[in-house]
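The values are calculated or read from the model by the stated rules, or taken from the named source; none is laboratory data. Given the structure is predicted, the values throughout are model-derived calculations rather than measurements. When we count neighbours, we look across all protein chains shown, and the Cβ atoms used for this are built from the backbone with ideal geometry, even at glycine.
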Amino acid sequence: MSWLKLHNPTIEWTTKRVMFNSVYCSTTCFSSSSHIILGNTGGTANHLESVPEDLGGAEAPYEALESIPRDPGGAVNHSLEGIPEELCDYAEVFSEDKVTELPPHRSYDLEIVLQDQTKQVKGPVYPLRPSDDEELKRILKEQLDQGLIRPSKSHYSSPVIFVPKKNGKRRMCIDYRALNANTVKNSYPLPLISNLIEKLRGAKCFTALDLKSGYNLVRIKEGDEWKTAFKTKYGLFEYLVMPFGLCNAPATFQHFMNDILRDILDVYVIVYLDDILIFSKSREEHVTHVREVLKRLQKHKLYCQLEKCRFFQDQVHYLGIIANGEGVCADPEKISKAVDWATPQTVKGVQEFLGFVNFYRRFIMNFSKLAYPLYQLLRKENPWKWGAEQQESFDNLKRALIESPVLIQPDVSKEFFLECDASDYATGAILSQKGGDDKLHPVAFLSKSLSPAECNYDIYDKELLAVIRALKEWRHLLEGSEIPVKVLTDHKNLEYFQTKRELNRHSDLNDLIRDALPDDKTVAKILKSLEENIPVKGWSLDNGLLYYHQCIYVPNEPEIRRLVLESRHDNPSTGHPGQWRTMELLSRHYYWSGMKQSVAKYIQACDSCIRSKHSNQAKMGLLQPIDLPRKPWEEITYDLIVGLPISEGYDAILTVVDRLSKMVHFIPTTSKATAVDVANLFVNFIWKLHGLPRKTISDRGPQFNAKFLRQVYKRLGIEPHFSTAYRPQVDGQSERLNQFVEIFLRHYLSHRQDDWVALLPLAEFAYNNGVHAGSKHSPFYLCYGYNPDFTVGDITVTQVPQADELAEFLKRNLEEAKAALTMAQNKQAFYYNNKHKAAIKLEPGDRVFLDSSNIKTSRPSHKLEHKSAKPKPLPPVITQTGEEEYVVEKILDSRKQGRNLWYYVKWKGYGPEENTWEPKSHLANAPKQVAKFHQLHPDAPGP
């Protein structure tokens, strides 16, 4: 009835006519040249008809008064379908015709201020697919007809591109990046979505309005249109209205909307760009609120998209969430995408997934912890590797999003509960309140990663950081709470921070001891006796502190005892002393039973002591002698001596040793020798004399560990082994031989040190002719069965057995040598292991200290650097065989062999001699390189 009263229509009951010709309708609802009547035109009931004013409101028979008409008629194109009766007089706000009109200039027009007036913006005309050309022509014609764009003569020209939409269609976009880079930025803020939603608490009725072509409702400032010019194959055009893509468009539009609704913002309306939400505590006042908003929109010629508007709802879908006056939850329609989200194959795929779930992180507990493995893939220094850890993180995030809880709306009149926690690389918090069922319900979740520096914090500092971050995040709620906030943490030490703002170490410790003393049951009887003035030998009570022989008794509270130990060990005035000195300093003022054991345990676990002091403990790792080969030259070791002066064009020596006979070869070479050079040296100097070895041992130099040489070994059936980095003891034989060569050369070199190449044959002969301490024979004797003559005129005849006895002779000598070498190895292991202990078995994830002696840091002095790096989790095993991982730089060629597809691969960091043919199955982690190869070579064999 209120609606009828407002519009005051004329009703003639006898002829069944209703005519809306009141003054209100003429001035507010419709143009002055038209009236609206209800009646029957052309046999169609409930039709709206435009009636010219000079006809005095022509009559038409009215067939049904029960329903309000909804369809447009005549010359007036006002669609009322879907608009509540109370809002029909604002039908113009939802008019389709009005949307196509060019908006007027306002004080909120978008001004484009350039940083550098001389800088040009010129983009290319990108070639488009035929379907995009058709869509481009359609859009240009439509926007020209609507007056949104016009032909331009600007010297600026931004390029046009088409991007795919989620529904499979294509969207025209203008690449304004060059213009934006030269534009002075508008710093007007956009509201925080989480803060907007908090304003809905207690509301019962909601209406959501969506502005039609929101940005197009704001004009470009007159004179700045030429800066928006964009180039197409059909000509150069410029915008008269604000397009998408300009960096200041969101700030300009938000400023415009905020000023229109400024006095009612957060009272009963919230706005995020073109999304308007009106909320009220009753339907009656909600009608008034909505009408006021529509009135302001109509006044400023802003129009809504009726099909996207929702009126008088109990709950509302707004900005990707579902909200009402009691709580909020993630929109199921939005998060359903996570169910079918395919496993990312590239870094960009990971970024897209994290961008999606990050929007809903306030609904996901421990978000940073769950997403940590995926965020590591985004770091430039980390290679792409999707493993079990990343898959588990991906699945857990999808599950957490799908199972995300309903968050209740915060109420500052109720008590807040703040639960905080910290892990190795993230902090988390939950803000909760009791609901109507008197149970705790989450208000919001908070999760943030720790920076590299914060990861080094002690656990109690991380726990305190979690509390600080939570208090900062929800400060606007917690400061307004009428009841003190209750902080829940699993770290008892933090509860002591609330009692004192200015910390003083000595008085603070005494306060903690005094507070904890009544809870210590081990001294309860002593306390009771002293309080009753009954003397106890050696004990006294003074000012709330319990003393034992003038030393303060520390209660059985682990955190307090840790703080006391820290004060006597970690303090700069004490300097991290050893157990004995720490015990002495501690016993001057404090006492508790088992103090000596506590000191020992504390110092053994002291992070700074472990990292800064030399360890007096036996080193871990027992000596494991390598089994001896069956015959000479079956197993060899080799190494490279570098840093020598140039002699005959060489500056390095390749040393090769047989593990059984200990025979050596010294081969001159260069320090720049490649894997191919090393392979040629082996062919020319070793394999032609002794055949192929079964096993090789070397360090991890690039000449010995190259993929080329590995492939050669693989083809020849040779098993390569490599020593541990920075652990020369693994190949001690080669290291001792290097010392022999260097000492020999020092004896016989000339003053200029340029004749050492000529001395190498003599050095080799001298070593092979000498008796080895382990085998008790010379290497020459073990290989050939006799010792050579080595002086001119020596008439001593070496006794050589008869031919039929030679085999048995050599066999017996080798067995004796093997026995002697085995005995020497066992003796060496015995003495070594007496000074070492067995290594601890470690599992992936265990935290270990890393020896930093070979790690370069940015600090000025390595001498004062910590002996060990901060403890880090042990990474998972990369490969069981010890093979290194290789990174594909690019694909050079492809071929088919039978049904198998092979690719010719250039490896990153290796020369062309290292290029190899690899089957397709070996390149599962290089899809980009494979795709790029086929893109450049479409005719090459492919899958």
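Let's see how each residue does on (1) assigned by TED's automatic domain parsing to the domain that holds Tyr215; (2) modelled with pLDDT of 90 or more; (3) surrounded by 13 or more Cβ atoms within 10 Å (Cβ to Cβ); (4) in contact with a helix residue (DSSP H, G or I) (Cβ under 8 Å, 6 or more places away or on another chain):
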| site | (1), (2), (3), (4) |
| --- | --- |
| Pro72 | no, no, yes, no |
| Glu135 | yes, no, yes, no |
| Gln146 | yes, no, yes, no |
| Ile161 | yes, no, yes, no |
| Arg170 | yes, no, yes, yes |
| Leu179 | yes, yes, yes, yes |
| Thr183 | yes, yes, yes, no |
- Message: Suppose we keep only residues that are surrounded by fewer than 21 Cβ atoms within 10 Å (Cβ to Cβ) and among the basic types (Lys, Arg) within the stretch 192-218. Which one would you say is nearest to the chain's Cα centre (by Cα)?
- Response: Lys199
- Task: Would you check which residues across the stretch 549-578 are of a type in the set (Asp, Glu) and either part of a helix (DSSP H, G or I) or more than 22 Å from Trp539 (Cβ to Cβ) (or both) and list them?
- Result: Glu559, Glu566, Asp570
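This table checks each residue for (1) assigned to a helix (DSSP H, G or I); (2) under 22 Å from Asn680 (Cα atoms); (3) modelled with pLDDT under 80; (4) not small (Gly, Ala, Ser).
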residue: Tyr713; (1), (2), (3), (4): yes, yes, yes, yes
residue: Asp731; (1), (2), (3), (4): yes, no, yes, yes
residue: Arg736; (1), (2), (3), (4): yes, no, yes, yes
residue: Arg752; (1), (2), (3), (4): no, no, yes, yes
residue: Val757; (1), (2), (3), (4): yes, yes, no, yes
residue: Phe780; (1), (2), (3), (4): yes, no, no, yes
residue: Cys783; (1), (2), (3), (4): yes, no, no, yes
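Looking at the stretch 161-168, can you tell me whether even one residue there is on the phi > 0 side of the Ramachandran plot and either without any contact (Cβ under 8 Å) to a residue 12 or more places away in the chain or under 37 Å from the mean Cα position of the chain (by Cα) (or both)?
From the stretch 161-168, those on the phi > 0 side of the Ramachandran plot are 168; that's our starting set.
With the extra rule that they be either without any contact (Cβ under 8 Å) to a residue 12 or more places away in the chain or under 37 Å from the mean Cα position of the chain (by Cα) (or both), the set shrinks to 168.
Yes - at least one qualifying residue is present in the stretch 161-168.
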- Message: Under 9 Å between Cβ atoms, which residue pairs at least 6 apart in sequence (or on different chains) link something in the stretch 447-466 that is under 17 Å from Ala371 (Cβ atoms) with a partner that is of a type in the set (Gly, Ala, Ser) and outside any strand (DSSP E or B)?
- Response: Ser447/Ser368; Ser447/Ala371; Lys448/Ser368; Lys448/Ala466; Ser449/Ser368; Ser449/Ala371; Leu450/Ser368; Leu450/Ser423
- Message: Anything in the stretch 302-348 that is over 30 Å from Tyr215 (Cβ atoms) and free of Cβ contacts under 8 Å to residues at least 40 places away in the same chain? List them, or say none.
- Response: Asp340, Ala342, Val347
- Which condition number in (1) within 24 Å of Ala208 (Cα to Cα); (2) in a loop (DSSP other than H, G, I, E, B); (3) among the aliphatic types (A, V, I, L, M) is the one that Met365 fails? (1)
- Query: Quick one: would you say Leu644 is of a type in the set (A, V, I, L, M, F, W, C), modelled with pLDDT of 85 or more, surrounded by 15 or more Cβ atoms within 10 Å (Cβ to Cβ) and within 30 Å of Ser698 (Cβ to Cβ)?
  - Reply: yes
- Item | Which numbered condition Lys369 misses (of (1) under 12 Å from the mean Cα position of the chain (by Cα); (2) without any contact (Cβ under 8 Å) to a residue 60 or more places away in the chain) | (2)
- Item | Check on Pro555, at pLDDT 85 or above, closer than 30 Å to Asp461 by Cα, surrounded by fewer than 17 Cβ atoms within 10 Å (Cβ to Cβ) and assigned by TED's automatic domain parsing to the domain that holds Trp592 | no
- Query: So which residues in the stretch 119-142 are in contact (Cβ under 8 Å) with a residue 24 or more places away in the chain and assigned to a helix (DSSP H, G or I), if there are any at all?
  - Reply: Ser131, Asp132, Asp133, Glu135, Leu136, Lys137, Ile139, Leu140
- Task: Determine whether the stretch 765-777 contains at least one residue that is more than 18 Å from Pro645 (Cα to Cα), at pLDDT 80 or above and buried (at least 19 other Cβ atoms within 10 Å of the Cβ).
- Result: yes
- Limited to the stretch 920-935, what total is found for residues that are outside any helix (DSSP H, G or I) and more than 13 Å from Thr346 (Cβ to Cβ)? 1
- Does the stretch 803-820 contain any residue that is closer than 30 Å to Val642 by Cα and either in a helix (DSSP H, G or I) or modelled with pLDDT of 60 or more (or both)? no
- Item | Options Glu403, Glu419, Glu415: the member that is at negative phi and free of Cβ contacts under 8 Å to residues at least 24 places away in the same chain | Glu403
- Under the condition of being of a type in the set (A, V, I, L, M, F, W, C) and crowded, with 16+ Cβ neighbours inside 10 Å, which residue from the stretch 874-908 is modelled with the lowest pLDDT? Trp907
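How about the stretch 177-271: which strands (runs of 3 or more DSSP E) wholly inside it have at least 3 residues that are in contact with a strand residue (DSSP E or B) (Cβ under 8 Å, 6 or more places away or on another chain) and within 28 Å of Phe162 (Cα to Cα)?
230-232, 235-239
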